[in-house]
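Novice: Structure provided below as structure tokens; questions to follow.
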Amino acid sequence: MKTSRIHIILFMLIATLILSSCSASKKGQRNKVRKKGYPTMPSRKGKKKKTYIPPKTTPPKTTKGRTRPSGSTSSTTPYKSPSSKPGTTTGGTRVPSSGSKSNKSGSGTNVKPGVPSTQKPSPPSNTPTFPPDPVPPPYTPPTPTPEKEKDPVVIVIPSTGGSGSGSGEQAPKPSPLPGQTNPPPSTTPPPYTPPTTPPPYTPPKPPSPTTPSVQNKSDLLASIEWDFRYGSHKAGGRLYTLDPFSLPVPGDRGLSLNAVTCVPANGYTGYYERERVNKKRIVLHFTAGNIKSDVNVLTQQKEGYNKWRMSVPFVIARDGTIYQLFSSGYWSYHLGSGAIGGNDQSSKESIGIELSNYGPLIRDGNNLLTVYSKPDRPDVYCTINETHKYQKLATPYNGYQYFATYTEAQYESLVVLLRFLTNKYNIPRKFLPERKRYNSNYETAMFKGINSHLNYRKTGKWDIGPAFQWDRVIQGVTSPKYIRGGSGGG
């Protein structure tokens, strides 16, 4: 028994030493932390833990079976954080709701009548009362200083119509913003105006030529052409519809074909065949007349025939106007029944071009007469002194030595038309050599290039013979570039 007691005492001493050594080590660590300057945790000593003390409750008193509520809340009411809401407890005092009854003292706690309240009255509030913050005045924007007036910006919109070149319209001025005396410059670009389609080609109308007192055939040609082009539009008593047009020449930059479509106003189309045939050559003619007689014959409606197909697609007047009677892709007879190679096939494969010209002339004293002259009614073309109106050959050709000349305008229009057609139909820009140029045989008739009517007829034809500036036409057609009013070249 003594031994067990000794053991218990020793165990308690050892335990006491161990606990005392642990507490000493903790104090040493805490002092070490303070010496090194580390922040220390606040000590919890001296702080009293707040404990919630519920208010005293009184048992409810019954009156005739009814329960009267006491002035304090039940002890079973859970604790809630202080608030000023009605019906909640604040510091142990219950704030009465709007529907609760109050005692005679006017306090917020119901107590027994005649029993003094054990609670201390709340001290008066020492919170100072401040006046309300002043309301700032409404914001008034500063008045801008007036600026010097500037010239208003005007947007000029190009006019798409109206008379006069360079005319335009002024866009309306933009309205100024509030506080501005001058409208701000507009940065909006003018609306896009698409380019207008150029109007159809219309050559200027020349003045009416004066008629000389002595009227020869050559003196009337200018008046006849002006009346048909700009006046009556009649030939052989029939009315024609004329419509000018312009087309660029393929492969020739800056060169245009200016022409006029010429068709009978009554709609007659029996003078050509609406059949497209591959073209292999171009045949040159002269008309042996003036523009009115030329157009009338080449579009005539012969009595007893539904079709009288004797025509060419192009006629070039002396003033250079190119009249197109039908599409160059169609065909009509223009070589004659005795043509070498056959009038039918040769006419289909070729494009005929007529130059308005009276052709061979007959000398009668000092006058040169047309082939339409009669012994009792001479048809004088010009006099022998008007050398610019005719050409005299050194050697007569097929019985004639004098021929009417072609105008400068006709040569230029012919070159442009030949360059257009050879490019469009892929016809070689070749001419018969001079030694074969006036022959009539199968070789000259089937030549692929540019020939003339006399190459298809051995007799009775003179177009176009040696009274023609072949070298000028050949140079203009075969040169790489052609310029109107100048020689071809480049």
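Novice: I'm told residue 395 meets every condition in (1) among the β-branched types (Val, Ile, Thr); (2) touching a strand residue (DSSP E or B) at 6+ places or on another chain (Cβ under 7 Å); (3) assigned to a strand (DSSP E or B); (4) modelled with pLDDT under 95 except one. Can you identify the failing condition by its number?
Specialist: Evaluating residue 395 over (1) among the β-branched types (Val, Ile, Thr); (2) touching a strand residue (DSSP E or B) at 6+ places or on another chain (Cβ under 7 Å); (3) assigned to a strand (DSSP E or B); (4) modelled with pLDDT under 95 leaves (2) as the failure.
Novice: Of everything in region 264-288, what is crowded, with 19+ Cβ neighbours inside 10 Å and within 25 Å of residue 225 (Cβ to Cβ)? Give them in sequence order. Walk me through how you get there before you give the answer.
Specialist: Step one: list which residues in region 264-288 are crowded, with 19+ Cβ neighbours inside 10 Å, which gives 264, 271-272, 279, 281-288.
Once the filter is applied, which keeps residues that are crowded, with 19+ Cβ neighbours inside 10 Å and within 25 Å of residue 225 (Cβ to Cβ), region 264-288 yields 264, 271, 272, 282, 283, 284, 285, 286, 287, 288.
Novice: Looking at region 413-433, is at least one residue crowded, with 18+ Cβ neighbours inside 10 Å, under 28 Å from residue 225 (Cβ atoms) and in contact with a His (Cβ under 6 Å, 6 or more places away or on another chain)?
Specialist: Within region 413-433, not a single residue is crowded, with 18+ Cβ neighbours inside 10 Å, under 28 Å from residue 225 (Cβ atoms) and in contact with a His (Cβ under 6 Å, 6 or more places away or on another chain).
Novice: For residue 433, which of the numbered conditions (1) within 20 Å of residue 353 (Cβ to Cβ); (2) free of Cβ contacts under 8 Å to residues at least 24 places away in the same chain fails to hold?
Specialist: Condition not satisfied by residue 433: (1).
Novice: May I pose another question? Any idea which of (1) modelled with pLDDT under 95; (2) not in a helix (DSSP H, G or I) is the one residue 444 doesn't satisfy?
Specialist: (2)
Novice: Of the residues 337, 311, only one is small (Gly, Ala, Ser) and crowded, with 22+ Cβ neighbours inside 10 Å; which?
Specialist: Being small (Gly, Ala, Ser) and crowded, with 22+ Cβ neighbours inside 10 Å holds for just one of 337, 311, which is 311.
Novice: Among the residues of region 220-229, is there at least one that is modelled with pLDDT of 90 or more, in the same structural domain as residue 470 (by TED's automatic domain parsing) and within 39 Å of the chain's Cα centre (by Cα)?
Specialist: Yes: one or more hits.
Novice: Might you let me know whether region 403-416 holds any residue that is part of a loop (DSSP other than H, G, I, E, B) and touching a Pro at 6+ places or on another chain (Cβ under 8 Å)? Give the derivation first.
Specialist: Going through region 403-416, the residues part of a loop (DSSP other than H, G, I, E, B) turn out to be 405-407.
Now restrict to residues that are touching a Pro at 6+ places or on another chain (Cβ under 8 Å): none.
No, the conditions are met nowhere in region 403-416.
Novice: Is one or more of the residues making up region 420-429 more than 21 Å from residue 359 (Cβ to Cβ), part of a loop (DSSP other than H, G, I, E, B) and among the hydroxyl-bearing types (Ser, Thr, Tyr)?
Specialist: Yes, that holds for at least one residue.
Novice: Can I ask one more? Residue check: is residue 340 in a strand (DSSP E or B) and not aromatic (Phe, Trp, Tyr)?
Specialist: On the way: in a strand (DSSP E or B): no; not aromatic (Phe, Trp, Tyr): yes.
No; evaluated as a whole, the condition is false for this residue.
Novice: For a quick check of your reading of the model, give me the residue pairs whose first member lies in region 401-418 and is under 13 Å from residue 359 (Cβ atoms), whose second is of a type in the set (S, T, N, Q) and surrounded by fewer than 18 Cβ atoms within 10 Å (Cβ to Cβ), with beta-carbon atoms closer than 6 Å and at least 6 apart or on different chains.
Specialist: Once the first residue is under 13 Å from residue 359 (Cβ atoms) and sits in region 401-418, its partners that are of a type in the set (S, T, N, Q) and surrounded by fewer than 18 Cβ atoms within 10 Å (Cβ to Cβ) give 403/391; 405/391.
Novice: Sort through 244, 313, 248 and tell me the only one that's assigned by TED's automatic domain parsing to the domain that holds residue 224, within 44 Å of the chain's Cα centre (by Cα) and without any contact (Cβ under 8 Å) to a residue 12 or more places away in the chain. Please lay out each step first, then the result.
Specialist: On the way: 244 fails: without any contact (Cβ under 8 Å) to a residue 12 or more places away in the chain; 313 fails: without any contact (Cβ under 8 Å) to a residue 12 or more places away in the chain.
After applying the criteria, what remains is 248.
Novice: What about residue 293, is it in a helix (DSSP H, G or I), of a type in the set (Gly, Ala, Ser) and surrounded by fewer than 21 Cβ atoms within 10 Å (Cβ to Cβ)? Step through it out loud before you land on a result.
Specialist: Working: in a helix (DSSP H, G or I): yes; of a type in the set (Gly, Ala, Ser): yes; surrounded by fewer than 21 Cβ atoms within 10 Å (Cβ to Cβ): yes.
Yes.
Novice: A further question on this structure: Just wondering, is there one or more residues in region 479-488 that are surrounded by 17 or more Cβ atoms within 10 Å (Cβ to Cβ), more than 19 Å from residue 250 (Cα to Cα) and touching a residue at least 24 places away in the same chain (Cβ under 8 Å)?
Specialist: Narrowing region 479-488 to residues surrounded by 17 or more Cβ atoms within 10 Å (Cβ to Cβ): 482, 488.
Filter again for more than 19 Å from residue 250 (Cα to Cα), leaving none.
No, the conditions are met nowhere in region 479-488.
The values are calculated or read from the model by the stated rules, or taken from the named source; none is laboratory data. All of these numbers come straight from a predicted model, not from anything done at the bench. In this analysis, Cβ positions are derived from the backbone assuming ideal geometry, glycine residues included, and neighbour counts consider all displayed protein chains.
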